[in-house]
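The structure under discussion appears below in the form of C-alpha cells.
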Amino acid sequence: MKEQSIRLGLRPNIGQFVLLAVNNAFVGTMVGIERTVVPILGQRTFHLSSLAVLLAFIASFGFVKGPLNLVAGRLADRWGRKPILIAGWVFGLPVPLIIILAPSWTWIVIANLLLGANQGFAWSMTVTSKMDLVGPKRRGMALGINEFSGYIGVAAVSTIAGYLASAYSPRPIPFIVSEIIGVIGLLTALIFIRETLPFTKLEMPTKTSHEMTPSLGRVFTLVSFKNRTLFACSQAGLINKLSDTAIWGLVPIQMARGNFTVAQIGLMSGIYAFTWGVLQLGSGIWSDHVGRKLPIASGQILNAIGIAFALIAHSLAVWVIVALLTGLGTALVYPVLLSAVGDASHPSWRGSALGVYRMWRDGGYAIGGVLLGLGADWIGVHGIFIVLAAIVFLSGVTVTILMSETLRATDLKN
C-alpha cells in the first residue's frame, strides 16, 4: 500500500472499518458463551464447591490475556496488525472443542489459556487497526464502535447460550455455535482485512518530529506508573476488570443459589453486555466533545453503585438494575480509557502503549479470579461485593485527582 494512496478518516476507510467491526463482533462471541455457560458447567457438571477453584478459569484467561496484550502491541508495531489478528484466531479455534470434550475442570482452565491468547491478540488488533484508520480527531468514536461491536457479540451470544443451555444442556450445542463463529472470524481476517500499519506514518507530522521510539521498558514505565495520567488510566482499567470478573463469575453463581434458571442468568448477562456494548457508541463520541476524564471518573462511580445493588438483589428486577448500572458504568469507561491512552502516546509507539495498558487492564481478570474467589470463600459473596464496591469507587476518585485531560483543546473545539 503506497503512502500517497491512503488517507486518515472514517469515510475513506469505511469498508475496512466495517470489516474490522464485524470481525470484533466475532471475537466477542467467543467469550460471550463462556459468561453464561462455564460457571454453571463448573457447578452442575463438575460439582465445584469452592469459588476459588471455580474462578480459576477466569484467572487463567487473565494470566494469558494480560501479558499477550503487551506482546501483541509490540509485535504489531514491528510486523503489522494483520498477522497478529490471524494468530489470535488460530489460538481461539481449539477452545470450544476442548470444552466440549473436557473430562475435568482442569481442561476448562487450559481452554481459557487459549481463549486469553485469542482475545489478547485478536481484540487488541481490531482496536489498534481502527485507531490507525481514523486518526486522532475521531478516536473516541472509533473505539466506541469497536467496543460496541465486540460487546454486542458478547451480549447476543450470552443470551442465546443461556437459552440453548436451558433447552438442551451446557454442552455441546453452545460451543458448536462458538466453533462455527471462530472459523468465520479466521477466514474473514485472512481474506478480507488489510494491513493498517502504514496509516500511522500519516500521523507522524502532527507530533514532534524529534521524538524517537522508546524501548519497551521505557513505554512500560510510562504507562504503568511514571506518567500520572497513564497510571490513572491503567489502574482504572484494572479495577474495572475486577468488577467485570464479579459479573462474569460470581453473579451467575449467586443467581443460581437464588434458584434462578440458566436462561434468566443468561438474560442478566446479556443485558449487562448489551448495555455496555450499545452505550459505548455514545460514550466514545461524547468523549470526543467533552474530553476523556469526565466519562472515565463518572463511569467508575456508576460501576461502584451497580455493584452495591448486588447486595440487595433477591429478585430478577433488582439483578436487571445491577446489569444496567454496571453496563452503563463500563460503557462510559471502556472505550474512553483506550482513547485516552491513544491520545497520550506517540503514533510510533502507540501499539506498545496500548499493549501495556491492556496488560494491566486485563490483568484484572487474573487478579480478580484469584482474590475474588479466595475472598468469597473466606468472607462470602456479599462481603466481596462490599469490598469491591469500595475499591471501584476509590478508583474513580483516583482518576479525578491524578488524570489530566488528554484530548487537545483544538480537538475539543472541532
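How long is the gain from ARG11 to LEU294 if the chain were fully straight, where each residue apart is worth 0.36 nm and the alpha carbon distance is subtracted?
Values: separation 283, 0.36 × 283 = 101.88 nm, distance 2.80 nm.
99.1 nm is the gain from fully extending ARG11 to LEU294.
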- Query: So how do HIS314, HIS346, HIS289, HIS382 rank on accessible area, 1.4 Å probe, biggest first, that is with the largest at the start?
  - Reply: HIS314, HIS289, HIS382, HIS346
- Could you tell me how many degrees, from 0 to 90 and to the nearest 10, lie between the Cα long axis of helix 14-44 and the main elongation axis, the longest principal axis, of the Cα atoms of the chain? 20 degrees
- Message: With +1 on the Cβ of every Lys and Arg and -1 on the Cβ of every Asp and Glu, and nothing else charged, how large is the dipole of segment 339-414 about its Cα centre, in debye rounded to the nearest 20?
- Response: 200 debye
- Message: Under 10 Å, Cα contacts only: if you run a Gaussian network model on the chain, which one of LEU238, LEU93, LEU202 comes out with the highest mean-square fluctuation?
- Response: LEU202
- Item | Heavy-atom accessible area per residue - the chain, 1.4 Å, Å² | 36 Å²
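How much length is gained if the chain between ILE191 and THR45 is pulled fully straight, taking 0.36 nm per residue apart and subtracting their Cα-Cα distance, in nm to one decimal?
Difference between extended and current length: 48.7 nm.
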- Computed over segment 26-98, the distribution of all Cα-Cα distances in 10 Å bins, rounded to whole %, is 16, 42, 28, 12, 2
- Note on the structure: Env charge @ VAL177, Cβ radius under 15 Å, K,R +1 / D,E -1, value 0
- Task: Please report, as a whole percent, how much of the solvent-accessible surface of the chain comes from carbon and sulfur atoms (probe radius 1.4 Å).
- Result: 72 percent
- Query: Put a dot 7 Å past each Cα toward the Cβ at VAL90 and VAL387; how far apart are the dots in nm?
  - Reply: 4.1 nm
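How many percent of the alpha carbon pairs in segment 191-337 exceed a separation of 28 Å?
For segment 191-337, the share of Cα pairs beyond 28 Å comes to 37 percent.
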- Per GNM of the chain with C-alpha springs under 10 angstrom, the most fluctuating residue out of LYS293, LYS226, LYS130 is LYS226
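The values are calculated or read from the model by the stated rules, or taken from the named source; none is laboratory data. Everything quoted here is computed from the prediction, not taken from an experiment. Positions of Cβ are generated from backbone atoms using ideal geometry, with glycine treated the same way; all protein chains shown enter the neighbour counts. To get the accessible areas, we keep the full protein, side chains included, count just its heavy atoms, and leave off ligands, DNA and RNA. Shrake-Rupley method; radii C 1.70, N 1.55, O 1.52, S 1.80 Å.
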